[in-house]
Structures are given as structure tokens and as C-alpha cells.
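Down below is the structure, laid out as C-alpha cells.
The values are calculated or read from the model by the stated rules, or taken from the named source; none is laboratory data. The structure presented is a predicted model; accordingly, all values stated were derived computationally and were not measured. As a convention, Cβ positions derive from the backbone with ideal geometry for all residues, glycine included, and neighbour counts pool all protein chains shown.
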């Protein structure tokens, strides 16, 4: 494709995207296809080439759009806000158009240094401790794995340079709460610790946050048995209820054992843009008993903040501890600038990286932090509004404190739940919950996702899609009540 | 940013990209900035927002473009071809504009199923064994790590469900050649095997490919000592010289020990699009002594084939062995379609994924496989032409067989190398090599990267940038000779 062909096709595609974003509110929120339907719409044989942009756009309309759950829709309240702000789409297009290759500073100095600078800007905008440095990973899942690998190596005095985990004299143990995201246990297993060496620490029954006393007891028991506490993953904003583990209380417990503390703030990290929310990570920079504070923190601008996927920030107090684990220095990547510059290949798993910093750069420059903050505050107010309405409504119950923008609810009809809130028929209550949320989703007028808490299903209303205004929240609340009464 | 603001800014950015690609041949190939120069050009304080696209485009021109080594330039011969075909740029823009979220089939059925189908198309276009299935990873580094994690778990009867590597009775060992890419040892270390359990097997001195007899001896020695051979990583196209490990001979050796065989064809995999190059992976589907063939193979369309970063394909003979290691099933990701559909989150580390398949879809449909094949054949012919010229020239030497599109050369002036090719002054020869390649690169008229082979520097001419024609290869050859004589 020549640059002139690209120019014409690019204009058509930009127009299509602008039109798509404009007509989004009229689309069903949930994908309307059945399993296999999209695949069946594609030819069996590989394409032979020669299609024009109009052919592709027609297939986006015909095959792709109906095959997506529209997470950019104003009435998307499922999973978490997964915003793709148009300013960041432009930054991503700039990255693609430049086609830069990040494998060393020399291959793309601007890719490296813009990433350093935007990470510094974000550290300032979110109030991170001075001196922490950041890098962009694809997702918080990967960031957690990377942090746990660094923790594993620090705790084992860099066993990777010897016999690896296979030669360690005593098991290393990792701690997180029973409410941690599924990516945390996954990372523990992938890093080789083994399920027997993962402790899912109890949470407090009301707030669903990790109990520091339970953590202390678990770490002591392991240490007494000759095992070695290596890392604690602290959830700031759990997936189900946005519970916030008490970092300031956890840090001294971890410090007694020299354990790495990684803060997983994947979704909630966007809230750190708001000074009034920085209490979420109180202690990060240090507390009595743990003057160094935490070791690492990751959060995803590609969620609530809205810098398009994939853009997860991983910050480290001492990047040297990570670089020592990740670095390679083959002859074919050396240059005269080595030693003076940052080599981001040594900050994570992949060697080659896209110019991901451009999407953050464009987003911050075109939208600006204040506009983003105003939107986040709007969402917090909408969540508070909904929580208030739920609290006033008979038969509806708020299932967890509303720490941020997620409201966890249950509709509890009289026959299934007693007057004091005691569950009379749990199985029937679960069936009812799943039935009404399915009815909401099947309507195409809004989308919600259920989750299990304390063994029973509830429904999460995760507020924060970029175009979601108060009337959208009012509408989903009306729809929830209508469907819960009807089913 | 509203859709209408996006429309206007998007048009301007598309125009900028078309212009940039048009004027690329006139830019210096190597980045012209010093360490810290890009960072210094950016403000210290975070941006306050409100910049327009014209501000961003001005800074792309002023700060970013001079800060990139132009790997899309027709005279980029460094590292490897890192093409970003404009058709795939459009596919990537479509992905960004849609803002789809891949965390489950339900969240984006089309993202899942288009990925399945394009991976199937590519399997057919590259002649992979029937039944193998593919997924998109970010890079071959990650794909190798993922394959080694699956290998580790299979070899340990899924130790992750117990005490992990920490409780294993005997060390698991991984094998690869001394010429394997740096990402292979890195993956071995990250997976927890430890450096003591990594065998860098000897290569044959002429072709630099792994010696199956040396592999057999190493595996037997480990097994005799009570260690357990777990995996072999086979390089099809090494980084320095594109050497091809003899897969068909390696497979029966690995099979004796039940070791996982992962084929790393990161750069060279594009050649599998050419039927005449499929001998590179002879044996993949099975050979006597190893009827099942290899276990996994990865290659990067984002290199020579030119589907923009990041797009690495990982194929597996039996995906179930990977899914068993990677799968999670939290309540908040369940839907009624589970069990009938593919969940790509269980095929790798990250939970959330972009709609990366669109860039492959657009690339194949707009450019087409035959046009891509013609370009690859052009590059092979250009490499053969250059190799022929080097072979005819006194004082120049071809340092390795030219298996594909990379030509490894050395200029050997009489005082430094004797008439029989014996190195008289190795240090001076290295200084000379690094001096002339630096002179070529400093000129801005072409870009080459050196590498160390058998302890001495050589220069790699890696042919295959999308716009590179014969006259570009002639020009770099002229420049190489001129600078080597001059320095």
C-alpha cells in the first residue's frame, strides 16, 4: 500500500470511527452473536488480497460491530471502565504510523525518553513517592508477574543465576487476599512458587479488605515452619467490590520478613489522579516499621482513565532490583550510548516494544489531566447517587461499601430473604440474581456483570465509561428494578 | 474529545503519516539525537491539556522523528526487518477506534473469533501441520516464556498445583544452542529453571546451527545424573546469522526424554509463507522417532512479513497443555457461552487483550499473501546478490552461509588478516569493523548493526525493509566499501 492509498483509506477509516462513536448509544450494549457466528461469517480460505477499504468497512459493520460487547457505550456498566479516549486513539495511530521499533535506546531514543517522561508526569499527577520510576507494561497481569519475579529473585538472593527455584533450600511464600484478582494467583503459579506456597489471606467480613492480623499470623506461621515470606500483593480496589487493602498496616508486617510489597491498583489507580483519593495508598512512601514503603505499584490508564489498551503502568521504588532480573546484553543490541540511557527491554519480559507512550502523551496533552479528573469525579458522584438510591429501596441491598465507582447490589425479594436480611433460599436467590441481570443484558439497553461474594451472586454496577452521564445511571437503575420485578 | 473533533484531527494525522512515509527516504536512517535530548525537549511539568493536533504534529516533527532510527527506511539494514505495512496500520487503527476489550469470549466474540480465523489462515499459508492452533502474543520473547512455562508444567506433572518448582525432586533442564536469541536464556531464568539448568549446546563451526549429537550427549549426561530434560528451544533463523537448527534431527533426541520442543522462528517464520522455504521446519509435523513432531512454534508477522508491532504468533500442537497452565475462571468473567468458546486469556499471561487480529486481517485482505510473498522473494534475491558480490571482492568475507535475507560480512584488510584468512590482529580487526560500520551509520545514508560471532565482530546486512529495492542494496554495498577503505 502506497502512502497515497493509505491517505485515502485512512480518511475513510477515520470517518467510519467517528461515525461509529457517534452512533454507539443506539447500539445494543451486549454482543448479539452466538458462539461460532463470527467465524462462520469469514471465508475458510485465506484472503487473496486486493480488497479495498470499503470492503473492510462493510465487514466491520456486518461482522465485527455486532460481535462486540460495546464497552465504549454510555450504558456499559460491566466488568470495569475500559475507556478508549479518542485523543489516545490518535496517539496510538501516531505510534503505528511511525512504525518505531523499541529494542534498545538506540533503536528509538524518542520512544524510550517519551516513555520515561510521561511516566514521570503520571507519577506527579498521581502523587507517587519521589524517586519512583515507571514503565509501560501491557496489562496489570503482566505487571504483577514481573513484580513477583523481581520479588522471587530478591528473596532468593538471585537464584536465577544458580539453580533457580529448583535449588532453593526452603520454599518462598506469597501472600494476597482471598479477594485478589485472578491474575495474582496466576502470576504466583507462573512464577513457579506453587499453589502450596500461596496464602489467600482472610478479609474482613464487612469491607472485604485483607486483614493485617491474619497476614501477620500467616507470615509468622510460615517463618516458624522454615518457609520464607517473599512477597505480599496488596489489592487497592478489588475486582468484585473495589475493597482497599490497608497498605499502611500491611507494610510493617511485610517488612518484618523483608517481603516485597506490590500494590495492584489496576482499576482504582486512576483515582490517584484525585488528591482526595490518595488515601487509598496511604503508606506507599513509608510508614513507621517500614520506612522504605512499598516496592512496586501498577495501575492501568487503559481502564478508568481511558488511555487505550494496552497501557498498564508499573512503578518501582528501586528499578535496579528489576533490571538485575530482566537484563540481557547481546552483542547485536549494543551501542555507544549504553550505560548512559534507559533500556526498557530490561524492565519487563518482551524485547520489542511499540511506542505506547504516545497514547499517554496525546491523551494528556489534548484532553488534559483536569478534564480527566472532572470525569472521574462525575463517576464517583454517580456511584454515590446510585448507592443512595439502592439504600432507600426496599428489597434492594448494597452488598459492599462503595469505595469508588462500583456499586454492588442484590435484589432480595421477600420470599428469598427474611426481614433481617437472612437468606432463606440461597439457591433461589442466586437464580433470581442471574435471571434479572441476564434480562437486563439481553435487552441490549445496558450491560452489567455479576460476581460471587461470600458464596452468593451479586451484581456489580461499574460506573465510568467515558460517555456515561447521570441519566444513563438513572436509566440502568430503572431497568434493573423493572427486570428484577418482572423475572 | 468528541467524534467530530476526532474526525478533523484524525484526517490531519493520517495526512501527516502519509507525508512522513513519503519523505522517509530523505531522512537520516539513524536517530540523530544524543542521550537525554528528547527528554530535555519535553516540559518538566505534566501538560495541562488543550493542545490541538497541530501542536502534536509539530512536536512529532521537532522531537520525535529525529529521535527515531527509521526502521521503515529503504536503507535500514539493521537488526531485522521491522516492517509496519500501511494496510496493517489501518487494521490497528480500526482496533483502537473500536476500543474493544478482550477479557473473555463474551466481552468481544469478534475479537476472539477473528483471531482464531486469521491464525488458521496463517497456519495454512505457512504450511503448519493440520490441527495446530494459534494465538497472538506481543513478542517472541513472551511466546518463548509461555512455551517454557507449559513445558515446565508438563515435565513436572503440573507442579504449579502443588509446591511449584520449589518442591520438585530433581532439576528440570532446558536446552538451546549457543547462538539462540538472548530472550531464550532470559525466559529460562524467568521461568525459574536457573542458569545451572540451562545448556547452551554447541553449534557446528561452519553453519552455526545446533549440533544434534552434542544435544544428545548433553541430555544423556543430565538424565544419567538424575536431572530431567524438560525442553529444547530450536532456533530457526538465529539472530546473528539466521542459522537454522536441524529440527528433524533434534526431534527424536528430545523425544527420547519426553522434552517439549519449541521452535523459535521469530524473524525467519515469515519465510514459511514461501513453499520453497518450508524445509526450514522439516519434521515439524513428525519424524521417525518423534511421530508427534514439535510442541510449539512462534514467529513474528511484525518482522519481515510486516504486520505492525506487536504481533507474534504462537502455535501449539495441543493447546490444552498450555490452557491447563494458564487458565483462570473467576466468577466475574463467567458467561453462558463458557465451554463452547475459546478464551484466549488462557493462552498467555495477560488477561486483557487488544483486537490485534484486525491488523493481520487488514494486511492479508488489502495487500494479500501473494504480494507479500513476492516481496520476500525480492529480498532473498537481493541477499543472494549481495552475498555474490561480497564473495567476489578481495578483502571482504562472507562470515556465514546466507540462509535467508541476512548477509554477515567482514572487511579484512591485508595487515589484519593473512592471505589464508587467518586473523593476524583480532583487536585491530574488531576496531576496524566497528569503525567502518559506525561511519556508515553516522552518515545517515544507511544503517547496519554489528554482532559478535566466535569472539569477533562482524557486520550484519539484514535486508527486508518493505521499500528496500535492489538499488538500495547496491547503495549500501557501495557505502560499505567506501567507508571501510576510508576509515
Counted residues in segment A:458-487 being surrounded by 20 or more Cβ atoms within 10 Å (Cβ to Cβ) and either free of Cβ contacts under 8 Å to residues at least 40 places away in the same chain or in a strand (DSSP E or B) (or both) come to 5
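I'd like the residue in segment A:36-47 that is more than 7 Å from chain B (Cβ to nearest Cβ) and in contact (Cβ under 8 Å) with a residue 12 or more places away in the chain and, out of all such residues, is nearest to the chain's Cα centre (by Cα). If you could, list the steps in order and put the result at the bottom.
As a first pass, look at segment A:36-47 and keep what is more than 7 Å from chain B (Cβ to nearest Cβ): A:36-37, A:40-41, A:43-45.
Subset that is in contact (Cβ under 8 Å) with a residue 12 or more places away in the chain: A:37, A:41.
Values: A:37: 29, A:41: 32 Å.
Among them, the one singled out is A:37.
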Scan segment A:215-240 and report the pairs whose first residue is under 24 Å from residue A:142 (Cα atoms) and within 13 Å of another protein chain (Cβ to nearest Cβ) and whose second residue is modelled with pLDDT under 95 and crowded, with 17+ Cβ neighbours inside 10 Å, with Cβ atoms within less than 6 Å and a gap of 6+ or a chain change.
A:239/B:332
In segment A:324-352, what residues are in contact with a strand residue (DSSP E or B) (Cβ under 8 Å, 6 or more places away or on another chain), under 24 Å from residue A:151 (Cα atoms) and outside any loop (DSSP other than H, G, I, E, B)?
A:344, A:345, A:347
Against the condition farther than 26 Å from residue B:319 by Cα and free of Cβ contacts under 8 Å to residues at least 12 places away in the same chain, how does residue B:202 come out, does it pass?
no
From A:252, A:185, grab the single residue that is within 14 Å of another protein chain (Cβ to nearest Cβ), surrounded by fewer than 24 Cβ atoms within 10 Å (Cβ to Cβ), at negative phi and modelled with pLDDT of 95 or more.
A:185
Of the conditions (1) more than 8 Å from chain A (Cβ to nearest Cβ); (2) touching a helix residue (DSSP H, G or I) at 6+ places or on another chain (Cβ under 7 Å); (3) surrounded by 20 or more Cβ atoms within 10 Å (Cβ to Cβ), residue B:203 clears all except one; give me its number.
(2)
Can you tell me which of (1) at pLDDT 95 or above; (2) within 13 Å of chain B (Cβ to nearest Cβ) is the one residue A:166 doesn't meet?
(1)
How about segment B:440-452: which of its residues are buried (at least 16 other Cβ atoms within 10 Å of the Cβ) and not in a helix (DSSP H, G or I)?
B:444, B:445, B:446, B:447, B:448, B:449, B:450, B:451
Scan segment A:367-376 and tell me whether some residue there is within 14 Å of chain B (Cβ to nearest Cβ), in contact (Cβ under 8 Å) with a residue 12 or more places away in the chain, assigned to a loop (DSSP other than H, G, I, E, B) and buried (at least 20 other Cβ atoms within 10 Å of the Cβ).
no
Hey, among the residues in segment A:84-110 that are more than 7 Å from chain B (Cβ to nearest Cβ) and assigned to a helix (DSSP H, G or I), which one's nearest to residue B:4 (Cα to Cα)?
A:88
Quick one: residue A:393 ticks every box in (1) under 24 Å from residue A:237 (Cα atoms); (2) out of contact with any helix residue (DSSP H, G or I) (no Cβ under 7 Å at 6 or more places or on another chain) except a single one, so which number is it?
(1)
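Somewhere in segment B:393-404, is a residue over 30 Å from residue A:310 (Cα atoms), within 14 Å of another protein chain (Cβ to nearest Cβ), outside any helix (DSSP H, G or I) and at pLDDT 95 or above? Even if it seems obvious, please write down each step before you answer.
The initial filter retains those residues of segment B:393-404 that are over 30 Å from residue A:310 (Cα atoms), namely B:393-404.
Subsequent filtering for residues that are within 14 Å of another protein chain (Cβ to nearest Cβ) retains B:399-400.
Subset that is outside any helix (DSSP H, G or I): B:399-400.
Of the ones still in play, those that are also at pLDDT 95 or above are B:399-400.
Looking for residues that are over 30 Å from residue A:310 (Cα atoms), within 14 Å of another protein chain (Cβ to nearest Cβ), outside any helix (DSSP H, G or I) and at pLDDT 95 or above, one finds at least one in segment B:393-404, hence yes.
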Tally, over segment B:133-163, of residues that are assigned to a helix (DSSP H, G or I), within 22 Å of residue A:185 (Cβ to Cβ) and in contact (Cβ under 8 Å) with a residue 40 or more places away in the chain:
13
Please find, among A:298, A:312, A:327, the residue that is within 14 Å of chain B (Cβ to nearest Cβ), surrounded by fewer than 17 Cβ atoms within 10 Å (Cβ to Cβ) and touching a helix residue (DSSP H, G or I) at 6+ places or on another chain (Cβ under 7 Å).
A:327
Hits in segment B:116-135 (condition: within 12 Å of another protein chain (Cβ to nearest Cβ) and in contact with a strand residue (DSSP E or B) (Cβ under 7 Å, 6 or more places away or on another chain))
B:119, B:122, B:123
Can you tell me how many residues in segment A:8-35 are over 23 Å from residue B:1 (Cα atoms), without any contact (Cβ under 8 Å) to a residue 40 or more places away in the chain and surrounded by 14 or more Cβ atoms within 10 Å (Cβ to Cβ)?
3
Criterion first (in contact with a strand residue (DSSP E or B) (Cβ under 9 Å, 6 or more places away or on another chain), modelled with pLDDT of 95 or more, over 23 Å from residue B:170 (Cα atoms) and buried (at least 21 other Cβ atoms within 10 Å of the Cβ)) does residue A:99 satisfy it?
no
Selection from segment B:136-163 of residues within 19 Å of the chain's Cα centre (by Cα) and more than 10 Å from chain A (Cβ to nearest Cβ) yields B:136, B:147, B:148
Residue B:304 passes all but one of the listed conditions (1) in contact with a strand residue (DSSP E or B) (Cβ under 7 Å, 6 or more places away or on another chain); (2) surrounded by 24 or more Cβ atoms within 10 Å (Cβ to Cβ); the exception is number (1)
Please enumerate the residues belonging to segment B:21-31 that are at the interface with chain A (Cβ under 9 Å from one of its Cβ atoms) and either under 15 Å from residue B:59 (Cα atoms) or assigned to a loop (DSSP other than H, G, I, E, B) (or both).
B:30, B:31
All but one of (1) under 30 Å from residue A:326 (Cα atoms); (2) without any contact (Cβ under 8 Å) to a residue 12 or more places away in the chain hold for residue A:92; state the number of the condition that does not hold.
(2)
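Restricting to segment B:407-439, name every residue that is in a helix (DSSP H, G or I), crowded, with 16+ Cβ neighbours inside 10 Å and within 14 Å of chain A (Cβ to nearest Cβ).
B:430, B:433, B:434, B:437, B:438, B:439
I need the full set of residues from segment A:48-79 which are buried (at least 16 other Cβ atoms within 10 Å of the Cβ), part of a loop (DSSP other than H, G, I, E, B) and within 7 Å of another protein chain (Cβ to nearest Cβ), in order please.
The answer is A:49, A:51, A:68, A:69, A:71, A:72, A:79.
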